[in-house]
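Worksheet for the structure shown next.
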């Protein structure tokens, strides 16, 4: 057997016939087994690493899932002495702790110490990288897993960026900061890079009558109404989110890995100079609430978010509350 995510990916819903590898063994000959689609195949890595703990001996090997074309997905399989699949780390499974967008991931530097498995997940697309799948990516991550006797459990993810190492913050920790913002607690300011909430929030709703004066005070009831939740967080991927043409700005949406959309993201500003800096390794957290904040024609409430500074220990440091601003020059 091969890990289930890889097997499902290679089965192509039976479109090309052949044996369903999600339910039947795969026969390797000289380290290779055919896939269901023409030119597809499973290939074993050149080296196996031994994991021995509590009398249990496993062979750790990379399986390359080649579906044809230019896409090969690596997964890690653990086989017992009878070549039964005992466990796996599968990049194609929903539960894999993705360290960032990686259209063409690769695995290297696989090591085992006791029950701990460590490897480098390479090819991570960071803020500033070109978004094409063939373009060079500037990020990688050290992934650490623990063998429980029945499965591998993720214990640590460290993303390596040009500016240093970062860990993605826990959603619960980010929610604690959002709760401070909702309540108007002054302690929220200590979690912002500038030492103050950005943008500043006033009690009640936003007063748009001041737009003509070039000022706008955002109302707390519009931006973070009670019930606002942190839906998901991820290290910001690459791509060009906005461009200034001299006569105005054009924006692209940012799509989270779960498919959620941030319309007109605050990773860029509506002028030639950004309102703040974003760096490789920074994190974006999408906010959701059951209200419909009346922020008017200049804003798209579907994309309210936080941009967080990348930190080595995963602590929460907010750069800005992103409001999906279409009229960001205001």
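The values are calculated or read from the model by the stated rules, or taken from the named source; none is laboratory data. In this text the structure is predicted, and so the values were computed from the model without any measurement. Glycine also receives a Cβ, built like all others from the backbone with ideal geometry; neighbour counts cover every protein chain displayed.
Suppose we filter segment 1-37 for residues that are out of contact with any helix residue (DSSP H, G or I) (no Cβ under 6 Å at 6 or more places or on another chain), in a loop (DSSP other than H, G, I, E, B) and at pLDDT below 75; how many remain?
Of the residues in that region, 7 qualify.
Find the strands (runs of 3 or more DSSP E) located wholly in segment 48-111 whose residues include 2 or more that are touching a helix residue (DSSP H, G or I) at 6+ places or on another chain (Cβ under 8 Å) and surrounded by 14 or more Cβ atoms within 10 Å (Cβ to Cβ), and list them.
56-66, 72-79, 85-90
Looking only at segment 77-95, how many residues end up being free of Cβ contacts under 8 Å to residues at least 40 places away in the same chain and within 30 Å of residue 132 (Cβ to Cβ)?
Summing the residues that are free of Cβ contacts under 8 Å to residues at least 40 places away in the same chain and within 30 Å of residue 132 (Cβ to Cβ) in segment 77-95 gives 2.
Quick check on my filter: what residues within segment 282-321 are modelled with pLDDT of 90 or more and in a loop (DSSP other than H, G, I, E, B)?
282, 309, 310, 312, 313, 314, 315, 316, 317
Within segment 97-106, which residues are touching a residue at least 60 places away in the same chain (Cβ under 8 Å) and either over 22 Å from residue 284 (Cα atoms) or in contact with a strand residue (DSSP E or B) (Cβ under 7 Å, 6 or more places away or on another chain) (or both)?
Pass one, segment 97-106, residues touching a residue at least 60 places away in the same chain (Cβ under 8 Å): 97-101.
Listed by number, the residues that qualify are 97, 99, 100, 101.
Among the residues of segment 159-197, write down those that are surrounded by fewer than 18 Cβ atoms within 10 Å (Cβ to Cβ) and outside any helix (DSSP H, G or I).
Scanning segment 159-197 gives 162, 163, 164, 165, 170, 184, 185, 193, 194, 195, 196.
Answer yes or no: is there a residue in segment 133-151 that is assigned by TED's automatic domain parsing to the domain that holds residue 75, part of a strand (DSSP E or B) and farther than 21 Å from residue 235 by Cα. Don't jump to the end; show me each part of the working.
So the first thing to find is which residues in segment 133-151 are assigned by TED's automatic domain parsing to the domain that holds residue 75, and the list is 133-151.
Cutting the leftovers down to part of a strand (DSSP E or B) gives us 139-147.
Those left that are additionally farther than 21 Å from residue 235 by Cα: 146-147.
For segment 133-151, residues assigned by TED's automatic domain parsing to the domain that holds residue 75, part of a strand (DSSP E or B) and farther than 21 Å from residue 235 by Cα: present.
Listed here are the residues, each with its yes/no results for (1) crowded, with 17+ Cβ neighbours inside 10 Å; (2) over 25 Å from the mean Cα position of the chain (by Cα); (3) modelled with pLDDT of 85 or more.
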position	(1), (2), (3)
218	yes, yes, yes
221	yes, yes, yes
226	no, yes, yes
230	yes, no, yes
